[in-house]
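To start, the structure itself, in structure tokens.
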Amino acid sequence: MLALSIACTVAAVVWAYLVAGHGGYWRTSQWLPATGEPDRWPDVVAIVPARNEAEMLPATLPALLGQDYPGALSVILVDDGSSDGTGEIAAGLGRESGRPLRVVAGAAFPNDSGTDRWAGKVWAMAQGLSAAGIPDGPARDRHPESYVLFTDADIACAPGALRDLVAAAEGDDRDLVSQMALLRTATGWERVVVPAFVYFFAQLYPFRRVNAPGSRTAAAAGGCMLIRRSALPQGVAPIRGALIDDVAMGRMIKGQRGRTWLGLSKNVVSVRPYAKLADLWQMVARSAYTQLNYSPVLLAGTLIGLLFLYALPPTATIIGLAAGPAPALTAAGLAGWALMSLSFVPMLRLYRLSPLRAPGLPLIALLYAAMTADSARRHYAGHGAQWRGRTNQTR
């Protein structure tokens, strides 16, 4: 019992650090900075990688094409080998909008191998850039203030979303401005898994640290990344093999001394449904082991860490209450459990869910631990990560 009490005390101390420090990851405080409008609105080209997105596009593409943006906006959709008429539907929506839209038929993968092999989505992004004339060598100096917006086919933007992004990038001198889309929480499982998904992402990459120029922490959210054209001298070739393209993009931009910003948004929304637990499981498991660099050591450390930080405090609390008078054990367990629950409340409020769900975070963490372990199992079984039904073999 003494050893358990000491372990719980350590866990409570770690939670005290996470809440008091660690970039304030749990505060949901990072929103687009209020800046004035630029004197001249730069040109923007939006690139949408799309693979079998016929169901999503009618709900999202008109919002992108209908942006209330004072500058020049053109849209390029890369139809990456779809079999459901994605390209035809996109072209029809473009004709209806009157906004310039170019549908690019995705080309086959280059015959690269090993570390030079392109990841599926990044290859689609590269083709969109090529269609926009990026990278264009010395000629890029003719476009010093233009931007590229990478967005996904399931992202619906409010009419002024792009205007706000560009104003923030110009006003705060940022090479990358990215917003975490507000994910759907319509079903029971979505309400369980989605807020924790954003919470854990922010815990891994505290947004305030991402936004600090001197910090090494770098990340982005792939559904909405506005990037200064001059920050892409080689396009996306430096991250060609990245299966987690948004984090890789953030690291690339920050690694070349670029200024980046990542925050939350209610004007950028994902409409993709995850009706069943299996859908959400796939969303997490497809890249969880990739996040750990396919390292068994990091996998073991992550699983042990999840059990230690999330499962131990409530377990010790229950044991302390049930096994008789064990005030030290009970107090340490309750302290850790209370701190983690309080840290989850702001994220629940962002998603308009009851704070009473917060004490259930340990159970959700166990679910994520199982998803992470399954991600490793898939890797060693040769299934690899997937993007829209295409498997990237990793064995």
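The figures follow:
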quantity: Loop-located trypsin sites (Lys or Arg not before Pro) in the stretch 282-353 whose Cβ has at most 12 other Cβ within 10 Å (DSSP); calculated: ARG352
quantity: Shape call, the stretch 252-395: gyration tensor on alpha carbons, a/c limit 1.5; calculated: prolate
quantity: Amide H contacts of GLN30 (H built 1.01 Å from N, under 5 Å, at least 5 apart or other chain); calculated: LEU264
quantity: Residue-level accessible surface for ARG163, protein heavy atoms, 1.4 Å, Å²; calculated: 60
quantity: Of LEU298, ALA358, PRO238, farthest towards positive along the dipole that unit charges on Lys, Arg, Asp, Glu beta carbons give the stretch 219-360; calculated: PRO238
quantity: Assigned charges on the beta-carbon of Lys, Arg, Asp, Glu; the chain dipole about Cα centre (debye); calculated: 800
quantity: Correct choice for log10 I(q)/I(0) by the Debye sum over Cα atoms at q = 0.08, 0.12, 0.13 Å⁻¹ that was computed from the model, options (i) -0.45, -1.07, -1.26; (ii) -0.66, -1.00, -1.09; (iii) -0.45, -0.97, -1.12; calculated: (iii)
quantity: Residues whose placed amide H lies under 5 Å from that of GLY241, excluding near-sequence neighbours; calculated: ALA119
quantity: Sequence-distant residues sharing a close amide H with SER82 (under 5 Å, placed H); calculated: ASN52
quantity: Per residue solvent-accessible surface (Å²) - the chain, probe of 1.4 Å; calculated: 43
quantity: Charge dipole (debye, nearest 20) of the stretch 17-72; +1 at Cβ of Lys and Arg, -1 at Cβ of Asp and Glu; calculated: 260
quantity: At most 15 other Cβ within 10 Å, DSSP loop - GluC sites (Glu not before Pro), the stretch 1-88; calculated: GLU55
quantity: Accessible surface, 1.4 Å probe, highest first, among residues ILE319, ILE76; calculated: ILE319, ILE76
quantity: Debye equation applied to the C-alpha atoms of the stretch 249-307, log10 I(q)/I(0) at 0.27 Å⁻¹; calculated: -1.00
quantity: Euclidean distance of C-alpha centroids, the stretch 50-120 and the stretch 290-311, integer Å; calculated: 36
quantity: Mean Kyte hydropathy of 1.6 or more with a Cα span along the axis of at least 20 Å, helices from DSSP in the chain; calculated: 2-20
quantity: Note, ³J(HN,Hα) from phi for the stretch 256-271, Karplus 6.51, -1.76, 1.60, rounded to Hz, x at Gly and Pro; calculated: 9, 6, x, 9, 10, 9, 9, x, 8, 7, 10, 9, 10, 10, 8, 9
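The values are calculated or read from the model by the stated rules, or taken from the named source; none is laboratory data. All figures in this text were calculated on a predicted structure; none of them were measured in a lab. When we count neighbours, we look across all protein chains shown, and the Cβ atoms used for this are built from the backbone with ideal geometry, even at glycine. The protein model used for the area step is the full one, side chains on, heavy atoms only, and it has no ligands, DNA or RNA in it. Shrake-Rupley method; radii C 1.70, N 1.55, O 1.52, S 1.80 Å.
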